[in-house]
Every structure is written in C-alpha cells, then in structure tokens.
Amino acid sequence: MTKKIIILFLALLFVGAILMAGGAKETKVEKAALFAKMIFIVKSMDNPFWDSMIEGAKEAAKDLNIEIDALAPIKPYNVEEQLRFMEEGITKGVDAIIVVPADSRGIVPGIEKANAAGIIVVTPNTKAAGGNVVTWDGAANFDAGYEVAKYILSELGGTRKKVIYLEGTPGNQTAYDRKEGAMKAIKEANATLLASQTAKFSRIEGQNVMENLLQQFPEIDCVITGNDEMALGAIEAIDATGRLDEIKVTGFDGNNDAKRAIKEGRLMVTGDQRPDAQAYWGVVAAAMALKGMPCPKEIYLPAPLITKHNIDQYLK
Amino acid sequence: MNLKNILLHSSALAILALGMSLVMLTNGIDLSVGSLVSLVSIVTAGLLGSKFGVLFAIFSGILTASFFGIFSGIIISRIKLPPFIVTLGTMVITASLALVLCGGETLYWEKNWFNTIALKYFFGVPILFCIVSIFFILIMLLIHYTSFGSYIYGIGSNEEALRLCGVKVKLYKTLVYLLSGCFASVAGIMLTSRIASGNPIIGMGYEFEAIAAAAIGGISFIGGKGNPAFAFLSAVTITMLTNGLGLMGFTTPWQYCGIGAILVFGMFLNRILAKVSLPER
Amino acid sequence: MRRNDILLRFALLIILAILIFLVNPNFGKPANLINILRQGALLYILAIGMTIVILTGGIDLSNGAVLALSSCVAAIAMERGLPIMVGIIISLAIGMICGFVNGVLVTQVKIPPFITTFAMMYFARGLAYIFSHGRIIYGFEKSFRFIGTGNIFGIPMPVIFSLLLLFIFYIVLEYTSFGVNIYAVGSNSESSRLVGINVKKVRIIAYLLSGFLSAFAGLIYTARLNAAEPVVGASFPLDAIAAVIIGGTSIVGGEGNLFGSAIGVLICTVIINGMNLMGISSLWQQFVIGSIILIIITTQTYTKSAKINIPILRSRKIESFEK
C-alpha cells in the first residue's frame, strides 16, 4: 500500500509540473511579438490600494506592448513569498521584475539574485535596502506621513495639540515609516502625543481602538492615522459620540471612500498616493532601462494632500 | 517552474510538516510552530545584528524554540491539558514576544556567511533542502529503528496501555514537542537566511499549512496512524501547487479558491486511499 | 461544565475589571462599559457558533471568511438597489450554504473539520474578492445601519442581538433534544450513534448554525461600519476560539456552555479595552491573552482535581476532534 501512495503522490507531482510547464509555454507562444516580459509583485491584496496598483501596471503594459504578470503573496505582506515569485521569474527568464517590497530588508536577496541574472529590478512605492535597483519611484512614506501630520497640526493652530496616532500592522515597513514621519511632525510642532496604538490597517480595529481611547481622553484634538481604513473606522467611532466637530481625523492613501469623507467634511486630509501612477512609472522605468536609456535612481512622485480645498478636482 | 525552486520554496513547510506529523502521531497538535518561526527569526537576526557569532546566533535560535517546545510539552504531559489549548497559548504568546522584541521593525545585520546558506546549491540541490533531507532521514531512522519511534505510535493509539507497560510516556510526549520546536527553529533559521533579515511576521500561517500538509499526507488527527514521509511529500506537493497557481496566471482571488480546492481534493484522495488500506507506518 | 468553572471565570473577569479600574478609573465609565459590550457583541455572535461546533467535537476556521463573503454579497445586492430584506436574506443564505458545505464535507466525505474549514476559509475569502472585485462597498441606508449603530433604551443593537441569540441558543442547547444531541455527539459520537442519534445530521446542523451566525455577525459588522470589505475577519476564527477556550468549553467537545463563552469574550474584550486605556503597547495584547488561556485552563484542572477523581477526566480526554 505504501507504494500505491507514493506512486499517487509522484503522479500528482508530475501532472502538476506538466500543467504548469504547459501553462507557461502557452503564454509564450501567444505573445511572441511583445516588446518585453515582466512580472509585477505587490505586497498583499488586503487593500484596494494594491488593486489600483495592479491596474496601473496593466495599463502601462498595454500601452507599451509589454506582457506583465501581476502577483501577490497569499499571506499578506509575506516577503518570503515575494522572493519565491522573483526566483520563479528569474528561472522563467523575464526581462524585468517590478516589485513592491513587503519589507525593505527582506527583499534584498531576491534583488541580488536578479542582478546576478542580469534582470532589471524596479521597486515602486517602497525602497529596498540593498541590491542594485534601477529605479525607485513613489511618495516616500516617511515624508508623506510627515506632510499629513504637519498639515493637520498647523491647521489646528497653536493651542490645540493633543494627538492620537493609529498605527498600521506591527512588523510592516509602510506602517513604520509613516509613523516615524508623523512622529517627526508631532515633535516639531511641540504637540502632545496622548497615545499611539495599532489598529492593524483595518477599519473595524480602527473603530474599536478609537472607541476605547475616546473613553480615556476627554480632550483630543486630532487623530492621525496610518491609512484611510483606520481613519474611517475612527470617524465612525467619534461620530457615534458626537465629538466629530472637535476631533479632526487624517487618513492616508486617498481611497475613493476617503475622498467622499473629505467632501462630507468628516475626514480632514489624506495623502494621495496615486498607486496606479506609481505602478505606471515603475513599468515605464523598467522599459526604459531595457532599452538602455538612463533612468533616475529615484523618482519622487508628489503625494499631494487632498483636503477640502482641492477635493472637487479629485471627484469627477 | 523548475525543480530547484520547488525544493527551495518547500523546505520550510516540509520540515514543519515533519515535526507536525510527529506531534500528530501522538494524538497531539502544535499550533505554535508558525509563531516560533517568527520568534526564532527575530532572535537570530537580533543576535547577528549585535555582532554575535553566527553559530551562537543559530544556537540561541534553536534554544529559544526548544524552550517553548519543552514548555508546551511539559504542560501537556504533566498537567494533562489538551495540546490544542496549550499550543494555542504558546502560539499567541510567542507571536507577541516576537513583535515586542523587535518593536515591530525588521532586524538586519552585516552580510556574512549566514546569508549564503540560502543561496548555495549542493550538486544542484539547494542547501536548505539538503538540511531538511538530513532531518528527514534522521526522522525516518527514528521512526523505524528506535523504541522512541514505536512509542510515538504507541502514545497515539493507546497511551494508557503504554503507560501501564512502564514506558515513560510523559518524557516521550515532551520530547515530541521539543522536536517540533526544534524543527520550527530550523525553519525559522532557514527563512531568516533566505530573507537576510529578521521578520516578526514571517512565520504567520505556517502552523495551519503544516497541519494541512500532515493531514493530507495521511497523518490521522487522532494519532497512531500515518507516515511522516507522506507528510513531507505532501508539503512539497502543496507548495508546488499553490505557488504554481500564481505562476499559471490565476489572480489572487482565484488562487484562494484554488488552494481551498487543492486542500479538499487532497484530503478526498487521502480518504479514498485510506479506504483501500493504510500503511502501518 | 460545572458551576464552579463558570464561577472561576467570572471571578477572573471581575478581578481583571477591578485591577484595570484601579489603575485607570476611566474604565468604569458607563460609556466605556457599553463600549466593551458593543465590541464584544460581534465576537460573541461568532463565538456562539464556534461553541456549538466545538461542542460537537469540531472546529470552524472559516467563520471570518464566511462573514466577509456574505457581507460583501449582501452589500452588492443592496448597492444594486435590492430591498434591505432581500440583502439580509441573501447574506444569511450564503452563510448557511457555506456552513452546510462544511458540514457535508466533514460528515459525508469524512474530511477532518480542521482541514475542511481551513479550505473553506480560503474558498470563501477568494469568492469574497471575486464578487467585490477587491473594492470596499460603502454607504448604506439609515434603516439598515440601525442594526449596527442603533440604540434601544441606551443599549446598542449589537448587544441586544447577542443577548437575544444567547437566550435562544441557551434554550436550544439546554432544553431541546437537539441540544442534548449536540452534547452527546461531542462526548461520544460512537455511543450516540448506537442509541439512535443521527450524528451526521447533528453535525451538519452545527456547522450550518455557525455559518448562519457568521453571516449574521457580518450584517451587524457591515451596518456598524457602513462598509463591507472582502478582507475583514482574518483573525476572527482564532479570536473566537481563544474566547471559547477561555470560556471553558472543552476543545474535544461535549463540555461547555454559552455563558462560559460569553465570559470568555468579555475577558478578551476587557483586556484589550484596558490595554488601550492604559496606553500599553498593543504588541503585548496577544501575550496577555495567551497567558490567560494557559493560566485559567491550568487553574481549572487543579480546582477540578481537588474535588473529582482524576481518572474519569482522563478517559474523557482521549477523544480528539476527529471522530
């Protein structure tokens, strides 16, 4: 019986391998006339942000006649799975790898492998801490976090400076950078940080944590958050106690939902990251590098603040 | 899709499945392995970052996970608490510890030979998989040629009888959890070397994957039945199939559905085979 | 589940509450206590389903994903202009279908509950993404939002719902033959079968109820947050399991009750609330909850063994959740 099971497993293995090999070949044959072949790896699928990014990359690929495979780790923000995709891409022989590192350090071995294989690497949105990357493009999370916090603190004026910060998922690079940026602004403005708690980038957590904090602090002037999801959750919590007039909330990312909240005056400001633009730039940079054209090492995309003053131009 | 990559990618899950299958053979379960992987990653990277020797860092990583393995094992065997609950406890505790120790930030160190463990190949086989294979062979020897091996099956099928025969059941049960912890630390060290940094969430979800791999490999949830070799094989197969889904061009939502289908189908196959007959070991 | 087990847990809850209150008096504000109840309500509705499944000797890892799927589909239906009632019915139906599939796979195909529901978790999550295209569906009518945000006599609707469900399911478990069967199947499925209980049917219904309750929690979640998203609830299964275990339900089935789970949920919620109020880094939350699990289960074993003969307990623990 042992044999039977072994044979079955091996059969399964072979069938799988053949299927995959077949799948890979098919796509090759179909799109032989393309300019280049790339893979595009995002951090996770747990936020509409990544969907917009993939859309941007696909749009660019269509415009530039590039074949692009969009991939995302099954386990959110798992850098090891990203490495797997990169390695598969290298053996498959793609021309360029565009990866949004889930972790700046963890992605480095993958980039080094790609470098050794002579494959171009571009990292939109999040910088990698090493390896030879052609271009990074995006709004620096640190800077943008800083700008948002600075805006809300100056908007509040000199006297009202009691701040709560809602952090993203612990262990997440983006969460860390945005928090550090906001902390810098808070320090510069001499504001008081009442509490800094994680709400794991999630709306329900944002609501729960905010409900708890509202009990603790009778006076809160503003809530700075690491993304729009948490901000909107916090707004629901604050609104339920009727304190939304006194407590100002900031978001980050510029989701559609958040834009609408700004229009309604519930959310004060959010950083518009334009994920699709970041991805588009990434593909363009990779394509240019493939043609041997020079590319800037860093492309800073403006992350304009969306506020009530300019919200109308975003809502079409 | 090539064999080198499959072996490289499945190393961590394979060794975790191996440890998990031993635990499950004793009618236990170990939910803490995923968190232990994260904790070991942080401990090892933290020590490397503070300029300790590589061997010392590796050793400390193994020691950390072994400590929690023994901890779970002792509570399970001495106080006789259900393994599910105890390891759930250690799971959340170690997950939290990993985050607390690094403050939610990834840790790194200056490059040294530790980084190259994950990069080198031995006659075309990734070193990581070689390490896993060594453990695999050791476990096979343990299962087939030592009394400890028979006791593992014995504890799973009839613990009370074994105890009455004068076998130190408590000791062996603790040892099994220790082994599982050790294997988690090996997986943690391998992943740390792979991502060249210490990551507090790198092991998230591995516990369930390891359990699924072991179960699909024919290890019974009530213990005493199954062969770790198949758990090992099924870990490799599952990794290959799930990775393959993405590379075949399925979008992430369809990959999720695909994984669900693979799990159910694998278990279904297993059930059909079980009806035919199950190997003794 | 013996009375002193519940008392032990209740005592722990009170001690925790008093400790937090002494450190931070804001904890005792009525508004904060209502907060705790409201936040616990969502988890509790899931925990009821989890308790029933665990009582039959199973486990349900899919409740978070089923919650996401059902709430997304209901939200899409309402977005397309279908009446609220239709949306609610669709959502509950989807929850029940997922639960039913779980139950059938567990009982008929004999796939262990752990694997079945783990697979269902992936499957439902995938479908949730596919239906919603990964976007967040937001903005619902006031009348729908009432079930999540409304108050009756100052008591939030989620709390009322969870109390109502507690009442209904308490009656079902304690006073109906179905309830008795659930306990019987959990403590010994083979002898239950021999005395003529339709074990498979009981199990399928248990998973179906868990699916139903997940969908119900999903509706309240959607109404409370004014948004439905496919990513919600990845941590719900473990949160619910932890609460149920802290509540004293035996993981191998046949022992435990809904009051215990209610206290378990409250303990978890109070800890998180207290840590938020005291400004303790949330990185420690899991640590505290894990320690509480270990401490309370260990204490329970010792208080039990102080009175009751141990061998009886041992014979019970031989069973596992694959039967």
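Here B:Gly61 fulfils each of the conditions (1) at the interface with chain C (Cβ under 7 Å from one of its Cβ atoms); (2) of a type outside the set (A, V, I, L, M); (3) on the phi < 0 side of the Ramachandran plot apart from (1). The set of residues in region A:261-316 that are of a type outside the set (A, V, I, L, M, F, W, C), in a loop (DSSP other than H, G, I, E, B) and within 20 Å of A:Asn141 (Cβ to Cβ) comprises A:Gln273, A:Arg274, A:Pro296, A:Lys297, A:Pro302, A:Pro304, A:Thr307. Of the residues making up region A:71-91, just one is at the interface with chain B (Cβ under 8 Å from one of its Cβ atoms), of a type in the set (A, V, I, L, M), out of contact with any Asp or Glu (no Cβ under 8 Å at 6 or more places or on another chain) and part of a helix (DSSP H, G or I), namely A:Leu83.
Put simply, of A:Glu219, A:Glu229, A:Glu205 the only residue that is outside any loop (DSSP other than H, G, I, E, B) and surrounded by fewer than 24 Cβ atoms within 10 Å (Cβ to Cβ) is A:Glu205. All of (1) over 30 Å from A:Leu193 (Cα atoms); (2) modelled with pLDDT of 85 or more; (3) not hydrophobic (A, V, I, L, M, F, W, C) hold for C:Gly290 with one exception: (1). Within region B:95-110, is there a residue that is in contact with a strand residue (DSSP E or B) (Cβ under 6 Å, 6 or more places away or on another chain), part of a strand (DSSP E or B) and over 16 Å from B:Val186 (Cα atoms)? So far as region B:95-110 goes, yes, one or more of its residues are in contact with a strand residue (DSSP E or B) (Cβ under 6 Å, 6 or more places away or on another chain), part of a strand (DSSP E or B) and over 16 Å from B:Val186 (Cα atoms).
Contact map, region A:153-169: first residue more than 14 Å from every other protein chain (Cβ to nearest Cβ), second residue among the aliphatic types (A, V, I, L, M) and surrounded by fewer than 18 Cβ atoms within 10 Å (Cβ to Cβ), Cβ cut-off under 7 Å, separation 6 or more or different chains; pairs are A:Leu153/A:Ala189; A:Lys161/A:Ala189.
Set side by side, the residues B:Gly69, B:Gly34 differ, and just one is away from every other protein chain (no Cβ under 14 Å), crowded, with 19+ Cβ neighbours inside 10 Å, of a type outside the set (Ser, Thr, Tyr) and under 19 Å from B:Ile15 (Cβ atoms), which is B:Gly69.
Residues that are among the β-branched types (Val, Ile, Thr) and more than 9 Å from chain A (Cβ to nearest Cβ) were ranked within region B:189-236; the one that is nearest to B:Ser157 (Cα to Cα) is B:Ile222.
Which of the following residues is small (Gly, Ala, Ser), buried (at least 22 other Cβ atoms within 10 Å of the Cβ) and within 14 Å of chain B (Cβ to nearest Cβ): C:Ala242, C:Ala228, C:Ala217, C:Ala223? It is C:Ala242.
B:Ser197 fulfils the conditions (1) touching a residue at least 40 places away in the same chain (Cβ under 8 Å); (2) out of contact with any helix residue (DSSP H, G or I) (no Cβ under 8 Å at 6 or more places or on another chain) except for a single criterion, (2).
So if I check each of A:Leu194, A:Leu244, which one is more than 7 Å from every other protein chain (Cβ to nearest Cβ), part of a strand (DSSP E or B) and surrounded by fewer than 24 Cβ atoms within 10 Å (Cβ to Cβ)? Don't jump to the end; show me each part of the working.
Details: A:Leu244 fails: part of a strand (DSSP E or B).
Result: A:Leu194 is the single residue among A:Leu194, A:Leu244 that is more than 7 Å from every other protein chain (Cβ to nearest Cβ), part of a strand (DSSP E or B) and surrounded by fewer than 24 Cβ atoms within 10 Å (Cβ to Cβ).
Looking across region B:171-209, just one residue is at pLDDT below 90, surrounded by fewer than 24 Cβ atoms within 10 Å (Cβ to Cβ) and at negative phi, and that is B:Met204. The numbered conditions (1) within 21 Å of the chain's Cα centre (by Cα); (2) modelled with pLDDT of 90 or more are all true for A:Ala289 except (1). Candidates A:Thr270, A:Thr250: the one that is over 30 Å from A:Ala36 (Cβ atoms), under 16 Å from the mean Cα position of the chain (by Cα) and more than 14 Å from every other protein chain (Cβ to nearest Cβ) is A:Thr270. Scanning region B:111-125 for residues that are surrounded by fewer than 17 Cβ atoms within 10 Å (Cβ to Cβ) and in a loop (DSSP other than H, G, I, E, B) turns up B:Lys111, B:Asn112, B:Lys120, B:Phe123, B:Gly124.
Inspect region A:30-39 for any residue being surrounded by fewer than 23 Cβ atoms within 10 Å (Cβ to Cβ) and either among the hydroxyl-bearing types (Ser, Thr, Tyr) or part of a helix (DSSP H, G or I) (or both) and give the result as yes or no. Even if it seems obvious, please write down each step before you answer.
Just the residues of region A:30-39 that are surrounded by fewer than 23 Cβ atoms within 10 Å (Cβ to Cβ), to begin with: A:30-37.
From what is left, the residues that are either among the hydroxyl-bearing types (Ser, Thr, Tyr) or part of a helix (DSSP H, G or I) (or both) are A:30.
The answer is yes; a qualifying residue exists.
Screening region C:138-200 for helices (runs of 4 or more DSSP H) wholly inside it with 2 or more residues that are touching a residue at least 40 places away in the same chain (Cβ under 8 Å) and in contact with a Phe, Trp or Tyr (Cβ under 9 Å, 6 or more places away or on another chain) returns the ranges C:142-149, C:157-175. Among the residues of region C:97-151, those identified as within 7 Å of chain B (Cβ to nearest Cβ), surrounded by 21 or more Cβ atoms within 10 Å (Cβ to Cβ) and not hydroxyl-bearing (Ser, Thr, Tyr) are C:Leu105, C:Ile111, C:Pro112, C:Phe114, C:Ile115, C:Phe118, C:Ala119, C:Met120, C:Phe123, C:Arg125, C:Gly126, C:Leu127. With respect to the conditions (1) over 25 Å from B:Ile222 (Cβ atoms); (2) in contact with a Gly (Cβ under 9 Å, 6 or more places away or on another chain), B:Asn115 falls short on a single one, namely (2).
So which residues in region B:155-191 are among the β-branched types (Val, Ile, Thr) and over 15 Å from the mean Cα position of the chain (by Cα)? Show your work before the answer.
Keep residues of region B:155-191 that are among the β-branched types (Val, Ile, Thr), which gives B:155, B:167, B:169, B:174, B:176, B:186, B:189.
Matches in region B:155-191: B:Ile155, B:Val167, B:Val169, B:Thr174.
For region C:245-283, the set of residues classified as in a helix (DSSP H, G or I), in contact with a helix residue (DSSP H, G or I) (Cβ under 6 Å, 6 or more places away or on another chain) and within 10 Å of chain B (Cβ to nearest Cβ) consists of C:Ile245, C:Ile246, C:Leu283, listed by residue number. Picking from residues in region B:244-269 that are out of contact with any helix residue (DSSP H, G or I) (no Cβ under 6 Å at 6 or more places or on another chain) and polar (S, T, N, Q), the one that is nearest to the other protein chains (Cβ to nearest Cβ) is B:Thr252.
What number of residues within region A:170-191 satisfy the criterion of being in a loop (DSSP other than H, G, I, E, B), within 9 Å of another protein chain (Cβ to nearest Cβ) and hydrophobic (A, V, I, L, M, F, W, C)? Here the count works out to 0. Please enumerate the residues belonging to region A:197-236 that are among the hydrophobic types (A, V, I, L, M, F, W, C) and either over 23 Å from A:Asp253 (Cα atoms) or more than 10 Å from chain C (Cβ to nearest Cβ) (or both). Matches in region A:197-236: A:Leu213, A:Leu214, A:Phe217, A:Ile220, A:Cys222, A:Val223, A:Ile224, A:Met230, A:Ala231, A:Ala234.
Given the structure, is C:Arg193 over 20 Å from A:Leu166 (Cβ atoms) and surrounded by fewer than 20 Cβ atoms within 10 Å (Cβ to Cβ)?
On the way: over 20 Å from A:Leu166 (Cβ atoms): yes; surrounded by fewer than 20 Cβ atoms within 10 Å (Cβ to Cβ): yes.
Against the criterion (over 20 Å from A:Leu166 (Cβ atoms) and surrounded by fewer than 20 Cβ atoms within 10 Å (Cβ to Cβ)), C:Arg193 qualifies.
Apart from one condition, B:Leu119 fits all of (1) at pLDDT 90 or above; (2) in contact with a helix residue (DSSP H, G or I) (Cβ under 9 Å, 6 or more places away or on another chain); the exception is (1).
The values are calculated or read from the model by the stated rules, or taken from the named source; none is laboratory data. In this text the structure is predicted, and so the values were computed from the model without any measurement. All Cβ positions, glycine included, derive from the backbone under ideal geometry; neighbour counts span all protein chains shown.
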